[in-house]
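Nothing in this text is a laboratory measurement; each read-out follows from the coordinates by a stated rule. These numbers come from a predicted model, not from an experiment. Positions of Cβ are backbone-derived with ideal geometry, glycine not excepted, and every protein chain shown enters the neighbour counts.
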Amino acid sequence: MKNITFYSSLFDFLDGYSEAVLIGDKSSKIVYVNKAFRKLCLLKSDELPSGTVSHFFKLKVNIKGEDGEGNLQWESNLSRTDGSTVWIKVSTSPFISETGDTLTVYTLTTNTTLEQLQSLLKESEKRFETLADASPVMIWMTDKNNLTYYFNKSWLDFRGSTFEEEMGIGWLQRVRPDDMGAFRKISEFLERFEHYSCEYRLKDHNGVYKSILEIGTPRFLPDKTFAGYMGSCLDISEMKSAQQELAGYTKELKRSNEELENFAYVASHDMQEPLRMIASYTQLIQKGIETNRTEGLTEFMKYVTDGVTRMQSLISDLLQFSRVNSKGSAFAEVNMQELLSVVTTNISEKIKETGAVVKIADGMPTLQADRTQLMRLFQNLMENAIKFRSPERKPIIEISVEDTQGFFVFHVKDNGIGIEKKFYNRIFVIFQRLHTRDEYEGTGIGLAVCKKIVERHGGDIRVESVANEGSEFIFSLRKQHSNNGFTE
């Protein structure tokens with residue numbers, strides 16, 4: 001090591017030196033800093049930093065070894081008194097004072113290139129944050145452990161929460177529990193650092209679950225090291241709602257087409273039959289009048305009248321069926337216990353005539369519905385139970401209800417003649433009869449109307465039956481309705 005004589009005028013010289021200088025003893029205690037160092041670190045003019053030299057140089061990078069005289073060089077991130085940092089180059093030179101103490105001079109030079117890079121990096125980060133915060137799409141970023149450390153303004157506004165509440169896996173607490181499976185499915189993509197997309201429901205700032213489409217893309221450093229994921233989330237609730245609405249319209253169109261096909265059948269068969277009979281007997285009557293033969297005319301007129309009556313009934317029932325959706329009333333609260341009591345009163349004469357027994361379970365609900373149509377629904381089912389009763393026993397009708405998620409499920413059970421399984425679907429088609437008019441009167445539209453009423457109330461209807469033992473009609477009515485029951 002080169003011996004250097006310490007001169008008392010050295011400190012005065014260093015105070016005028018343009019570069020920051022710090023001197024430490026062999027135990028790394030700071031014994032002197034010049035004015036340039038105080039300015040760089042934002043120290044008071046007469047302040048000597050406490051602590052050791054290593055306090056200022058905790059981070060050392062790009063270290064260059066000794067040059068044979070004990071000199072070292074490195075780069076460091078220097079902390080200042082206001083909490084900010086600055087990148088510097090450090091050069092050390094050991095020397096011996098006039099008292100024989102070993103000291104080290106640390107010369108600090110601001111690393112202009114690094115400062116410029118830092119400035120550019122901060123500007124780039126600011127530009128990214130400004131752009132991300134201006135985006136209507138929710139943007140997020142994770143670290144290499146897939147813990148989220150960044151959310152843009154759109155995300156925080158959607159959630160109505162703070163960075164601290166969302167950081168890491170905090171945001172997962174707001175995902176709908178039964179949608180967590182969506183994240184388990186993408187674990188394989190995360191393990192392979194691959195692009196992915198998934199859907200789930202997330203609570204917004206009002207506590208309402210919204211449908212979210214999330215897309216994630218892996219990030220890599222220049223050396224191909226995985227750095228985490230960056231992704232976006234889009235609220236697709238309106239799109240999902242539109243899809244469901246479109247599916248509803250498609251279903252309604254399909255149903256409408258089926259009704260048109262059934263109507264075509266009715267027009268070509270059921271309604272043609274009485275017309276042919278009317279036309280045939282009218283011709284016989286005309287011939288009788290022309291030939292002054294009056295015998296049989298009264299009977300012929302009876303057949304004509306019967307045909308006209310049947311035509312009127314068919315047309316009336318068909319009109320009733322077509323108006324279930326278009327002419328229904330707005331939904332309102334309906335007390336089912338009270339409604340069933342009214343229906344029972346309406347058919348009280350038939351009940352007395354047949355000795356029928358009607359059993360209505362307690363606890364009937366109140367629901368949003370078209371009161372008039374529900375009365376028609378239950379009255380049709382109860383009248384059918386009486387009409388198709390077994391001759392061997394008096395009719396018994398039992399009405400009960402189940403409260404399920406989103407629906408009330410009603411059961412109307414009888415002990416009548418029953419229905420063969422092969423006819424289960426046919427009975428709900430308009431004008432489809434399983435018996436002749438001589439056996440049972442009617443046009444065969446009652447159950448078709450019931451089906452349409454149930455569908456208007458967001459449910460479905462089916463039957464379970466055992467021939468000669470009885471039938472049970474089971475149908476659901478939705479608790480809540482979005483369009484008040486009207487078909488667009």
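Tell me which lysines have Cα within less than 30 Å of K44's Cα, excluding those fewer than 8 residues away on the same chain?
Within the straight-line limit of under 30 Å, K44 reaches these lysines: K26, K29, K35, K58, K60, K89, K122.
When F300, F11 are ordered from fewest to most other Cβ atoms inside 10 Å of their Cβ, what list results?
Going from least to most buried by this count: F11, F300.
Quick check: pseudo-label points 7 Å beyond the Cα along Cα→Cβ at R276 and Y149, how many nm apart are they?
Result: 8.6 nm between the two label points.
Please give every one of the lysines within straight-line cross-link reach of K251, meaning a C-alpha to C-alpha distance under 27 Å, and leave out same-chain neighbours fewer than 8 residues apart.
List returned: K210, K240, K327, K421, K422, K451, K452, K479.
Which whole-Hz ³J(HN,Hα) couplings does region 460-473 yield from phi under the Karplus relation 6.51 cos²θ - 1.76 cosθ + 1.60, θ = phi - 60°, glycine and proline marked x?
3J(HN,Hα) across region 460-473, in whole Hz: 9, 9, 8, 10, 10, 8, 10, 3, 6, 10, x, 10, 9, 8.
Can you tell me the FRET efficiency between S124 and L234 if r is taken as the Cβ-Cβ distance and R0 is 25 Å, rounded to the nearest 0.05?
Calculated value: 0.50.
Work out from phi, with θ = phi - 60° and the Karplus expression 6.51 cos²θ - 1.76 cosθ + 1.60, the ³J(HN,Hα) of each residue of region 13-29, listed in order in whole Hz, and give x for Gly and Pro.
5, 5, 5, x, 6, 6, 9, 5, 10, 10, 10, x, 8, 5, 8, 6, 7
Just add up the charged neighbours of S390: K/R +1, D/E -1, any other residue whose Cβ is under 12 Å from the Cβ of S390.
In short, +1.
How large is log10 of I(q)/I(0) for region 10-113 at q = 0.17, 0.21 Å⁻¹ when the intensity is taken from the Debye formula with one equal scatterer per alpha-carbon?
Evaluating at q = 0.17, 0.21 Å⁻¹ gives log10 I(q)/I(0) of -0.78, -1.22.
Between E402 and E420, what is the spin-label point distance in nm, taking each point 7 Å from the Cα along the Cα→C-beta axis?
For the pair E402/E420, the computed spacing is 2.9 nm.
Enumerate the aspartates and glutamates that K359 could reach by cross-link, defined here as Cα to Cα under 13 Å, with residues fewer than 8 away along the same chain left out.
List returned: E398, D414.
Treat the count of other C-beta atoms within 10 Å as a stand-in for reagent exposure and order E290, E166, E47 from fewest to most.
With the fewest neighbours first, E290, E166, E47 line up as E290, E47, E166.
Once amide H atoms are built 1.01 Å from N in the peptide plane, which residues 5 or more positions from N34, or in another chain, come under 5 Å H to H?
V21
Which far-off residues, 5 or more places away or on another chain, put their amide H under 5 Å from the one on I360, with H placed in the peptide plane?
Distant-sequence amide H within range of I360: I399.
Please state, rounded to one decimal and in Å, the Kirkwood hydrodynamic radius that region 135-235 gives when every pair of distinct Cα atoms enters the mean of 1/r.
So the Kirkwood estimate lands at 13.9 Å.
Taking amide H positions as placed 1.01 Å from N in the peptide plane, with prolines and chain starts having none, which residues 5 or more places from I445, or on another chain, fall under 5 Å of its amide H?
Distant-sequence amide H within range of I445: F431.
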